[in-house]
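Asker: Mind looking over this structure? Questions follow.
The values are calculated or read from the model by the stated rules, or taken from the named source; none is laboratory data. Model, not experiment: these values are computed from the prediction. Here the Cβ is made from the backbone with ideal geometry for all residues, glycine too, and neighbour counts use every protein chain on show.
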Amino acid sequence: MNDRFDLVVIGAGPAGYVAAIRAAQLGMKVACVEKRPTPGGTCLNVGCIPSKALLQSSHVFEESVHDLKAHGVIVGDVRLDLAQMLKRKDEVVGATTKGVSFLFKKNKVTAITGTARIEAAGKVAVLGDDGAVAQRLDARNILIASGSEVTPLPGVTIDEKTIVSSTGALELQAVPKRMAVIGAGIIGLELGSVWRRLGSEVTMIEFLDRIAPGVDNEITKHFQRSLEKQGLRFRLGRKVTRAEKGKDGIVVTHEPAQGGAAESLTVDVVLVCIGRRPCVEGLGLDKAGIKLTDRGRIAVDAHFQTSVPGIYAVGDVIDGPMLAHKASEDGVACVETIAGQKGHVDWEKVPSVVYTQPEVAWVGKNEEELKAAGIAYKTGKYPFTADPRSRANNRTEGFVKVLSDKASDSVLGVHIIGAEAGTMIAEAVLAMEYSASAEDIGRVCHAHPTVSEAMKEAALAAWDKPIHL
Ligand code: FAD
Ligand code: NAI
C-alpha cells in the first residue's frame, strides 16, 4: 500500500522545508522529499550560508590587514589559512542543515531522500539513485519547491575546477592568482569580493553597461566606485563568447555586447554567474498537465496553485525574486491557504541585500521605476559621514535614501549603501508593510548612538528636514 499524506513537499530548500514545518504545525501529516543527502536546498548547502561564511571570513582577513591600524591596533604578520577558512564554512553549513533535520523530527515531518516525480494529482513516486521507483506516496496535496539551478553559458563548459559555478567557487582549494567573473550580478559581486579580498586579481565581465541590475542607479554608481577602489576590475557592456584551456591558463574571449572586435583575457579560474533557471526537469509536469510561464517557471495563481487543482508551487521555481526569504514566505502563505487560512506575500515588499562591504540593501521602488511609472515622489538622503555611531565604528561610507509619495508621504522605496545596510533594511520593510509615511519613520524613537539613526534622518529629510545635517 502507498504511504498517505495530507501534503507531500518536493524539495527541502527554504521554500519546501519551511512549508513542511508550518504545515505540520497546522496539523497536516507531511512528507518532504529531497534528492540531496542533506536538507536546506541551495541556500543552506551551496548558497546563502556558505557564501556568507566566506564573506565574513574574508572580511575579517581584509580588516586585519588594512583596517586595524586606524583603531590603534597593531598586529603582526597576518596570514591566510584557506583550509581552515573552508573548514569553518563547512562546519557552519553542517550545523545549519542538521538544524533543519532536527526541526523536521520535532514537528514530525517525514523526511524522504530521493528524487520525486509527480505521476498524477495526488500521486508522487520517489526514485532512488538507480532511477527506479523506490516508494510511492499518496498525497491530498502536492507542493513543488524544486528551486533553481545555474544558467549555463554556451561556449563555456563548467567543470567546477577551473571553470566554476557558484558551487565550485565556494570550494577553491587555493587562491587563484587571476580570476574572471562572468556576470556582475549578486553572485559575481559577492564571490568576486571574497576571492579579491583573499588575494586574487578579479576581472568582472558584464553584458549590461552597469553592475548589479535592479539596484537604484545612484547607489550603483557609488557601489561600483567603491568596489573599484577595493581592486575589483569591471569590463561593462561585454559578452563572453568562449572560455577554453590555453597554454597559460583559461582564455576567456569577450566582445562588445552589441557585437564587434573580440578581446581575450587569460586567467586561472573563471566563475560563471549569469543568473539561475527554475528546476523543472524530471518532475513529471507535462504528464500531470502543469503549465509553465513564458519564462519557463511554474505558473501559479494568487494562492500558489498550479494549473492542476491540489498541486501547488513556491520559491525559486515560480515567479518573483529568487531569494530565500521570499521562498520561505511563499511556502508559509501557501500551506496556510491550504489549511483554510488567508496566506499572502507581497513580492513588492521583499528586501534584497548584497553582502559585500559596503553592503547594499533595498526594498520597494527605485527612482528609475518611479519615474517610469510617472509617480511624483520626494527624496530624503542622509550620509553615514554625518552619523556619529558610523564615525565611531570607522565605517562612514554610503548613505540612506528614502523615497516617499509627493502627495501622501507614504514610503515607496528605501535604498541603502553602507556597512550595516542588510540589517537596517528590516525597519524599512516593516514600515512599508504597515503603509508608514516618511514622517512616521522620522517620528519613531531610534536608539542613540546606532547606525539606524541614519534611517530616521533620511526619513525626516524626505518628509521635511533632517535635524543633524
Ligand atoms: P532551493 O533552495 O534550490 O531548494 C530546492 C531543493 O529541491 C533542492 O535541494 C533540490 O535538490 C530539491 N529538488 C529539486 N528537484 C527535486 C526532485 N525532483 N525531487 C526531490 N528534490 C528535488 N538568497 C538570499 O535570500 N540570500 C542570500 O544571501 C543568497 N545567497 C545565495 C548565494 C548563492 C551562491 C546562491 C547560488 C544563491 C543564493 N541565494 C540567496 C538564493 C537562494 O539560495 C534561493 O533563492 C533559495 O535557495 C530558493 O529556495 P527554494 O527552496 O525555492 O529552492
Ligand atoms: P543575477 O541575475 O543577479 O546577475 C547575472 C548578471 O549576469 C546580470 O548582471 C546579467 O546582465 C549578466 N549576464 C548575463 N549574461 C551574460 C553574459 N553572457 N556575459 C556577461 N554577463 C552576462 O544572477 P546571479 O548573480 O547568477 O545570481 C542568481 C540569483 O541568485 C540572484 O538573482 C539572486 O536572486 C540570488 N542570489 C541572491 C543573493 C543575495 O540575496 N545576497 C546572493 C547570491 C545569489
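Asker: For residue 108, all conditions in the list (1) in a loop (DSSP other than H, G, I, E, B); (2) outside the structural domain of residue 320 (by TED's automatic domain parsing) hold save one; what is the number of the exception?
Answerer: That leaves (2) as the condition not met.
Asker: How many residues does segment 410-446 hold that are touching an Asp or Glu at 6+ places or on another chain (Cβ under 7 Å), surrounded by fewer than 21 Cβ atoms within 10 Å (Cβ to Cβ) and more than 18 Å from residue 387 (Cα to Cα)?
Answerer: 2
Asker: So which residues in segment 346-364 are of a type in the set (S, T, N, Q) and part of a loop (DSSP other than H, G, I, E, B), if there are any at all? Before the answer, list the steps.
Answerer: Residues of segment 346-364 of a type in the set (S, T, N, Q): 352, 356-357.
Within segment 346-364, 356, 357 qualify.
Okay, residues lined up against (1) within 11 Å of ligand 1 (Cβ to nearest atom); (2) in a helix (DSSP H, G or I); (3) aliphatic (A, V, I, L, M):
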| site | (1), (2), (3) |
| --- | --- |
| 136 | no, no, no |
| 142 | no, no, yes |
| 149 | yes, no, no |
| 167 | yes, yes, no |
| 175 | no, no, yes |
| 181 | no, no, yes |
| 195 | no, yes, no |
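Asker: Here are some residues: 221, 161, 229. Which one is assigned to a helix (DSSP H, G or I), more than 22 Å from the chain's Cα centre (by Cα) and modelled with pLDDT of 95 or more? Can you show your working first?
Answerer: On the way: 221 fails: more than 22 Å from the chain's Cα centre (by Cα); 161 fails: assigned to a helix (DSSP H, G or I).
Within the list 221, 161, 229, the selection yields 229.
Asker: Just one of (1) surrounded by fewer than 20 Cβ atoms within 10 Å (Cβ to Cβ); (2) over 26 Å from the mean Cα position of the chain (by Cα) trips up residue 369, so point out which.
Answerer: (2)
Asker: Turning to a different aspect of this structure: Select from segment 365-376 the residues that are touching a strand residue (DSSP E or B) at 6+ places or on another chain (Cβ under 7 Å) and part of a helix (DSSP H, G or I) and write down the one among them that is nearest to residue 401 (Cα to Cα).
Answerer: So the residue we want is 367.
Asker: Scan segment 288-345 residue by residue and report those that are more than 10 Å from ligand 1 (Cβ to nearest atom), surrounded by 22 or more Cβ atoms within 10 Å (Cβ to Cβ) and not in a helix (DSSP H, G or I).
Answerer: 290, 298, 300, 304, 306, 311, 312
Asker: Still on this structure, please answer the following. Scan segment 18-34 and tell me whether some residue there is within 16 Å of ligand 2 (Cβ to nearest atom) and under 17 Å from residue 144 (Cα atoms). Break it down stepwise before answering.
Answerer: Going residue by residue through segment 18-34, those that are within 16 Å of ligand 2 (Cβ to nearest atom) are none.
Within segment 18-34, none of the residues are within 16 Å of ligand 2 (Cβ to nearest atom) and under 17 Å from residue 144 (Cα atoms).
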